[in-house]
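Everything below concerns the one structure shown next.
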Amino acid sequence: MVKVITLLKRKPGMPVEEFQSYWRTRHPEVVTRLPGVRRYVQSHALLPVYAHGDPIYDGIAEVWADDTAALRAMTQSPAHPALQADEARFIDRASMGVIITEDHVIKDGPVPTDAVKSVAFLTRKPGLAVEAFQRHWLEVHGPIAAALPGLRRYVQSHTRRSAYDTGRVPAYDGVVLTWFDSTDAIRSAAATPEYTRVLADAGNFLAPGQMPSILTREHVIVG
């Protein structure tokens, strides 16, 4: 299975509530007409986040397909122009980003329906090869982060190697998805020795500086 992660910003001037309502109640109609959609999840930025200014993205969409051939079939489908036309009604398409990834489930536990899903966007350390980055993230960092108290579920979405062909530079080298019961649970985890170990290891494979992230609530549309 492969997964497309789409990074979304609402149209300039559009209220957040209107964006979220349209995305959740109207847009799925055109997405689900595409052939080969195995799973479709929307993750909406939490409304309290906006009290501190707009987040880097208003949310992400995740669409799973059997393989890259199935993804090509989606974009070549007669239903695809209607999808693009509908996106233009509520999304700033000029700022959209797309990453094709493969999922690695590090911890798979039960997730409450009102859980908070943290979505963080990773860039590898300068000079670190893609293969070394992915191996360290999966084999070394994964078990360290999985030990965080209160962590319900933890998935690494690795940007596919093909994204780097012919010298291309993808938007991010991967996306990390973690689920907690609440924002309080996230704050509590961040005050633990386990989190200190997570931060200490980050410098071994991630670019320096603050990692972009958003706090969301997910809505499973298909799957």
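The values are calculated or read from the model by the stated rules, or taken from the named source; none is laboratory data. The shown structure was predicted, so the numbers you read here are calculated from the model rather than taken from an experiment. Don't worry about glycine lacking a Cβ; one is built from the backbone with ideal geometry, like all the others, and counts go over all protein chains shown. Side chains are part of the model used for accessible areas, which takes the heavy atoms of the whole protein and leaves out ligands, DNA and RNA. Shrake-Rupley method; radii C 1.70, N 1.55, O 1.52, S 1.80 Å.
Structure values in brief
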quantity	calculated
Cα-based helix-to-principal-axis angle, 193-202 vs the chain, degrees rounded to 10	70
Length-normalised contact order for the chain - Cα pairs under 8 Å, 6+ apart - percent	30
Environment charge of residue 175, counting only residues whose C-beta is closer than 15 Å and scoring Lys/Arg +1, Asp/Glu -1	0
Debye log10 I(q)/I(0) for region 82-223, one point scatterer per Cα, at q = 0.18, 0.22 Å⁻¹	-1.15, -1.48
Inter-centroid distance (Cα atoms) of region 122-147 relative to region 158-223, Å	11
Å² of accessible area per residue within the chain, as computed with a 1.4 Å probe and no ligands counted	49
Residues of type aspartates and glutamates that residue 11 reaches as a straight line, Cα spacing below 16 Å, ignoring anything fewer than 8 places off in the same chain	54, 58, 86, 87, 92
Protection proxy ranking of 136-144, 70-78, 175-183 - average other beta-carbon atoms within 10 Å, highest first	175-183, 136-144, 70-78
Charge dipole (debye, nearest 20) of the chain; +1 at Cβ of Lys and Arg, -1 at Cβ of Asp and Glu	240
Unit charges on C-beta of K, R, D, E only; dipole of region 133-172, Debye	120
Compactness of region 37-92 - radius of gyration and Dmax, Cα, Å	14.5, 42
Value of relative contact order over region 6-77, rounded to a whole percent, pairs C-alpha under 8 Å and six or more apart	42
Links that overshoot a 22 Å alpha carbon limit, given the list 9/107; 3/107; 3/117	9/107
